[in-house]
Amino acid sequence: MIGSDVFQSMRREVLASWSTGDEVGEEAFEYHKSRGDYGAFDQRLREAKAGGRTLLQPRGGVPLVKQQVELLQFLEEKGMADLLPLTVDSYTRQNRYEAAERHLKASRESDSAQLNGFPVVNQGVERSRAVLEAVSSPVEIRHGTPDARLLAEISYAAGYTSFEGGGITYNLPYSARVPLERSIRDWQYVDRLSGYYTARGVVINRESYGALTGILVPPAIVVAISVFEALLAAEQGVTSITVGYGQIGNVIQDVAALQVLESMTEEYLSRFGYDEVHVTTAFHQWMGPFPMLESRALSLIGFGTLTAVLAGATKVITKTPHEAIGVPTKEANAKGLLCSRLMVETLTHQQPLDRAAVDREASWIQLAARGLIDRSLELGDGDFANSVTRAFEAGVMDLPFSPSEYANGDVLPIRDVEGAVRYLDCGGLPLEGEFLDRNDSLVQERLESESGLEPTQLIERDVNYFIEHELLDESERLGL
Ligand code: 8ZB
């Protein structure tokens with residue numbers, strides 16, 4: 001854990017990096033207590049998990065307070081969201097506060113959205129509080145920021161008690177040239193800050209962005225990365241951790257993956273003595289290319305929720321029928337929520353799956369993930385941050401389709417005939433023996449089933465899994 005003196009001197013530096021940093025101080029704790037919020041987000045997650053219920057959470061962010069309030073109230077009242085988001089704009093994610101300021105000003109002058117999210121740092125503590133105070137559900141800060149130190153400071157001071165991201169999952173899918181070593185260090189600060197609030201009675205929920213690059217990420221890779229982000233967070237005093245997973249589209253594999261994600265995160269936390277950490281799961285509806293056609297988009301949204309409920313996910317991050325187009329209107333956003341809600345209402349407490357098939361798939365994922373994690377731990381000489389940086393350097397950990405220089409990108413995923421993700425090439429991942437034998441025969445079966453196509457064409461088809469139909473049928477793009 002970062003030592004107390006070092007941490008306090010780091011804080012002074014971070015808070016001095018933009019004017020609104022001045023608004024952060026001791027008063028923050030008084031504020032949380034005055035609202036009676038000692039970790040409302042964590043509380044809601046705990047209740048859901050204990051009751052075997054799956055919560056629904058949309059994304060959503062616009063630059064101005066008034067519109068952000070309208071959006072969140074709409075999602076809460078009309079969309080019946082259980083948990084709310086505050087999605088932060090892209091300039092803030094890049095620490096470009098001057099650019100965010102210009103566009104915030106332009107948004108105010110034109111009374112329209114000139115940013116793709118709410119610029120928490122520029123808006124500062126008071127205005128960020130006004131958003132939180134206008135709704136009754138807990139709100140999470142969602143973004144995609146390799147260096148989120150100041151963003152976390154302003155967010156926690158403003159009263160928010162859940163914060164997405166991590167040193168691996170908010171770097172590798174988002175940045176080309178940010179060294180892992182640096183993003184991990186900056187996120188250790190965020191986790192330390194979260195632990196500091198937690199120790200003072202305000203539990204901060206930290207969510208890892210397990211959807212990663214969004215498409216065809218082999219489950220074992222998601223599990224290994226999530227376990228390390230959980231360990232890194234726990235090491236800094238975080239006690240509420242949500243691990244995430246992005247839908248692949250094969251129900252058995254998705255259910256197995258989410259269950260392994262949860263159980264292995266708990267297992268490794270406990271192995272290193274972090275028994276007090278409470279683990280919950282987030283299931284992301286399909287993060288890849290989305291249908292343009294509303295009927296197909298809603299079907300895919302429902303399919304994702306169905307899978308999440310069968311998997312026992314604590315929450316689902318919902319998509320909208322505008323996904324293929326851009327930032328959704330509040331009405332489209334509510335449609336995604338209501339479409340999802342039907343699945344939650346209907347399927348909770350049903351278990352129509354072939355349990356033996358789920359367990360078989362789960363044990364393969366576990367075997368592979370364990371190989372990645374244990375080999376990485378060996379490389380780190382007892383330091384989790386070193387484990388991760390060295391593992392990615394060596395290719396023992398890897399991420400397909402990452403824009404980052406710090407992931408080799410040697411792993412090539414491909415679907416098997418049932419749509420589950422396998423390895424066409426497993427790069428430097430330490431996978432061997434029966435795991436590879438089974439993998440290779442499933443891949444071979446797929447290659448033979450579509451023998452007219454090159455492997456790269458098959459992968460392209462796998463990425464476009466849910467829009468293939470539209471690519472073929474021109475009429476569907478006409479908005480029918
Ligand atoms: C990596 C996350 C991407 C997803 C959505 C995208 C996509 C981004 C906003 C938003 C609602 C926003 N997203 N910014 N959704 N409001 N300001 O995050 O559409 O689904």
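Listing for the model above:
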| item | result |
| --- | --- |
| Environment charge at LEU431 (Cβ cut-off 13 Å; Lys +1, Arg +1, Asp -1, Glu -1) | -4 |
| Separation of the ALA176 and ASP440 label points, Cα + 7 Å toward Cβ, nm | 3.7 nm |
| Antiparallel DSSP beta bridges within the chain, percent to nearest 5 | 15 percent |
| Label-point separation in nm, LEU342 to GLU393, each point 7 Å along Cα→Cβ | 5.3 nm |
| Accessible area in the full protein assembly, largest first, 1.4 Å probe, for LYS49, LYS315 | LYS49, LYS315 |
| Straight-distance crosslink candidates among lysines, where the alpha carbon sits under 26 Å from LYS105 and sequence neighbours closer than 8 are dropped | LYS66, LYS330 |
| Other-chain or far-sequence residues with amide H under 5 Å of ASP89's (modelled H) | GLY117, PHE118, VAL120 |
| Amide H within-cut-off set for THR242, under 5 Å, with H built and near neighbours excluded | ARG206, GLU207, SER208, THR280 |
| The chain: DSSP helices with Cα axial extent of at least 20 Å and average Kyte-Doolittle hydropathy no lower than 1.6 | 219-235 |
| In nm, spacing of pseudo-spin labels at GLU418 and SER17 (7 Å Cα→C-beta vector) | 4.7 nm |
| Within-12-Å neighbourhood charge of ALA394 [Cβ basis; K, R +1; D, E -1] | -2 |
| Length released on extending from GLU26 to MET80, taking residue separation times 0.36 nm less the Cα-Cα span | 16.0 nm |
| Cut-off under 5 Å, modelled amide H: who pairs with VAL411 long-range | LEU399 |
| Modelled label reach - GLU331, point 7 Å along Cα→Cβ, the stretch 295-312 residues with backbone N closer than 18 Å | 295-298 |
| Candidate aspartates and glutamates - alpha carbon under 17 Å from LYS335, same-chain residues fewer than 8 apart omitted | GLU70, GLU76, GLU77, ASP82, GLU294, GLU323, GLU345 |
| Full-extension gain in nm, ALA130 to ARG53, via 0.36 nm per residue minus C-alpha separation | 24.7 nm |
| Carbon plus sulfur fraction of accessible area for the chain, probe 1.4 Å, in percent | 49 percent |
| The chain - accessible surface per residue (Å², probe 1.4 Å) | 38 Å² |
| Relative contact order [Cα under 8 Å, 6+ residues apart], the stretch 4-347, whole percent | 18 percent |
| Residues of the stretch 1-23 with amide N under 16 Å of the 7 Å Cα→Cβ point at GLU101 | 15-23 |
| Residue-averaged 222 nm ellipticity for the chain, from DSSP H runs of 4+ at -39500 (n - 2.57), nearest 500 | -16500 deg cm²/dmol |
| ³J(HN,Hα) computed for each position of the stretch 90-96 - Karplus, 6.51 cos²θ - 1.76 cosθ + 1.60, integer Hz, glycine/proline x | 5, 5, 4, 4, 9, 6, 9 |
| Net length gained if the chain between SER9 and ARG271 were fully extended (0.36 nm per residue, minus Cα distance) | 91.1 nm |
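The values are calculated or read from the model by the stated rules, or taken from the named source; none is laboratory data. Everything numeric in this text was worked out from a predicted model, so none of it was measured. Note that we place each Cβ from the backbone using ideal geometry, even for glycine, and neighbour counts take in every protein chain shown. We work out accessible area using only protein heavy atoms, side chains counted, and drop any ligands, DNA or RNA first. Shrake-Rupley method; radii C 1.70, N 1.55, O 1.52, S 1.80 Å.
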